Amino acid sequence: DAKTTQPNSMESNEEEPVHLPCNHSTISGTDYIHWYRQLPSQGPEYVIHGLTSNVNNRMASLAIAEDRKSSTLILHRATLRDAAVYYCILKTTDSWGKLQFGAGTQVVVTP
Amino acid sequence: GAVVSQHPSRVICKSGTSVKIECRSLDFQATTMFWYRQFPKQSLMLMATSNEGSKATYEQGVEKDKFLINHASLTLSTLTVTSAHPEDSSFYICSAREPEGFGYTFGSGTRLTVV
């Protein structure tokens, strides 16, 4: 699976939006873009995924660049409970095997 | 959504003893489960892929004789850390692919401390 690059950390004020970038310049046509987050001392949880079009769910929005070489996870109104490490992961559609995690982005939310 | 239950959440054991960690899919069948290890301030590192009814597939550098994986049923995979040493102290997490959709669901993790 292709590699992703994320900033080490980002800080946001409570109730403000958070935009988390992810670069994946070597993405292939069959790669889905997945986002997971891990709260302290817990296992990761699924946030959102997409292929080409922007996606929205109750947790977040995913904006995918037209060339698919980058994407942005958007938390519309950050809360203290959103403080976590956010992982951007590429996963091929024809391989439902292992999920490999990079370093992720530590999101800090200040009241 | 799909739920994976991991037990125990925390365990302390003496050096040289073995510890078993259980991972159960509560409301779905999981033919494949995954085991990860996470050291403080680091990302998750995949250790092995557990396959129901067959041998686990270990990642490079992971000692298969030390980290025994058994996936005897469609809802249970176990990881046994044999002859544990302090350097095995870590956060162990299991995962399974959700039966519907594209996501993976994770257990809540097991904090192992070897003293």
Report task. Using the Karplus curve 6.51 cos²θ - 1.76 cosθ + 1.60 with θ = phi - 60°, work out ³J(HN,Hα) for each residue of region B:85-99 in order, rounded to whole Hz, and write x for Gly and Pro. Result -> 10, x, 5, 7, 4, 5, 9, 9, 10, 10, 8, 9, 6, 5, x
Query raised in the report: What does the convex hull of the alpha-carbon atoms of chain A project to on average, in nm²?
Result: 6.5 nm²
Requested in this report: Note down the net charge around B:Trp35, summing +1 for each Lys or Arg and -1 for each Asp or Glu among other residues with Cβ under 11 Å from its Cβ.
Outcome: +1
Query raised in the report: Given H placed on each backbone N at 1.01 Å, which residues far from B:Ala48 in sequence or on other chains put an amide H within less than 5 Å of it?
Result: B:Trp35, B:Glu59
**Report entry** Point-charge dipole on Cβ atoms (K/R +1, D/E -1) for chain B, about Cα centre, debye to 20
**Finding:** 320 debye
Report task. With only Lys, Arg, Asp and Glu charged, each at its Cβ (+1 for the first two, -1 for the last two), find how big the charge dipole of chain A is about the Cα centre; round to the nearest 20 debye. Result -> 220 debye
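Please report, in debye to the nearest 20, how large the charge dipole of the protein assembly as shown is about its Cα centre when each Lys and Arg carries +1 at its beta carbon and each Asp and Glu carries -1 there.
500 debye
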Query raised in the report: Which residue, chosen from B:Val11, B:Thr49, A:Pro7, occupies the Cα position most advanced towards the positive end of the dipole of the protein assembly as shown, where the dipole is computed from +1 (Lys, Arg) and -1 (Asp, Glu) charges on Cβ about the Cα centre?
Result: B:Val11
**Report entry** Residue-count net charge about A:Pro111 - beta-carbon cut-off 13 Å; Lys, Arg +1, Asp, Glu -1
**Finding:** -4
Report task. Give the long-range amide H neighbours of B:Ser89: residues separated by 5 or more places, or on another chain, with amide H under 5 Å away, using H modelled in the peptide plane at 1.01 Å from N. Result -> B:Val114
Query raised in the report: In the protein assembly as shown, which cysteines lack any other cysteine Cβ under 4.7 Å from their own?
Result: B:Cys13
**Report entry** Residues B:Met47, A:Met10, B:Met33, sorted so that the one with the fewest Cβ neighbours within 10 Å comes first
**Finding:** A:Met10, B:Met47, B:Met33
Query - Cubic angstrom per residue, convex hull over Cα atoms of chain B - result: 98 Å³
Query raised in the report: Taking amide H positions as placed 1.01 Å from N in the peptide plane, with prolines and chain starts having none, which residues 5 or more places from A:Ile48, or on another chain, fall under 5 Å of its amide H?
Result: A:Trp35
Report task. Let me have the relative contact order for chain B, percent, based on Cα pairs under 8 Å that are six or more residues apart. Result -> 37 percent
Report task. Return a whole-number percent for the relative contact order of chain A, with Cα pairs under 8 Å and 6 or more residues apart as the contact set. Result -> 37 percent
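Order by neighbour count: B:Tyr104, B:Tyr58, B:Tyr36, fewest other Cβ atoms within 10 Å first, most last.
Fewest-to-most ranking of B:Tyr104, B:Tyr58, B:Tyr36: B:Tyr58, B:Tyr104, B:Tyr36.
The numbers here are math on the coordinates, done by the rules we state, and not lab data. Because the structure is predicted, anything quoted here is derived from the model rather than measured. Because the Cβ atoms are built from the backbone with ideal geometry, glycine has one as well, and the counts that use them run over all protein chains shown.
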